[in-house]
Amino acid sequence: MKVIITVVGKDKSGIVAGVSGKIAELGLNIDDISQTVLDEYFTMMAVVSSDEKQDFTYLRNEFETFGQTLNVKINIQSAAIFEAMYNI
């Protein structure tokens with residue numbers, strides 16, 4: 001299983017630590033990560049994976065709820081969607 005996680009919100013310390021900790025807690029591995037601050041806004045994109053099949057709806061709910069604790073918006077999408085777009 002491979003997913004794309006995006007994080008957007010007002011910049012503050014601890015966002016990367018919090019999100020990466022949540023990723024590890026959910027049994028996912030960070031394959032690639034990029035983050036930057038645009039003006040005052042933090043943005044991050046991460047490709048994460050798991051050798052085991054994960055419940056996507058559960059993961060989405062966990063990240064959405066966790067994002068609220070950090071005051072950021074966390075979105076998760078299946079990487080298969082992007083792979084299918086480029087194979088059409």
Helix axis angle, 15-25 relative to the chain longest principal axis, alpha carbon, degrees: 40 degrees
statement: Under the helix-only model (-39500 (n - 2.57) for each DSSP H run of 4 or more, divided by the residues of the chain), the mean residue ellipticity at 222 nm, to 500 deg cm²/dmol, is -12000 deg cm²/dmol
- request: Only one of the values (1) -0.61; (2) -0.75; (3) -0.85 was calculated from this structure for log10 I(q)/I(0) by the Debye sum over Cα atoms at q = 0.16 Å⁻¹; name its label.
  value: (1)
- line: Charge dipole of the chain built from unit charges on the beta carbon (Lys, Arg +1; Asp, Glu -1), centred at mean Cα; most positive-end Cα among 68, 35, 82 is 68
message: Between 0 and 90 degrees, rounded to the nearest ten: what's the tilt of helix 56-70 against the longest Cα principal axis of the chain?
response: 10 degrees
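Quick one: putting +1 on the C-beta of Lys and Arg, -1 on the C-beta of Asp and Glu, what dipole do you get for the chain around its Cα centre, in Debye to the nearest 20? Spell out each step's value before the answer.
Working: 7 positive and 12 negative charges, 36 e Å.
It works out to roughly 180 debye.
Whenever you get a sec, compute what percent of the accessible area on the chain sits on carbon and sulfur atoms (1.4 Å probe). The partial results should precede the final answer.
On the way: 2870 of 5580 Å².
That fraction is 51 percent.
The values are calculated or read from the model by the stated rules, or taken from the named source; none is laboratory data. As the structure is a computational prediction, the values presented were derived from the model and not from experiment. Glycine gets a Cβ as well: all are built from the backbone with ideal geometry, and neighbour counts include every protein chain shown. Protein only, heavy atoms only, side chains kept; ligands, DNA and RNA dropped before computing areas. Shrake-Rupley method; radii C 1.70, N 1.55, O 1.52, S 1.80 Å.
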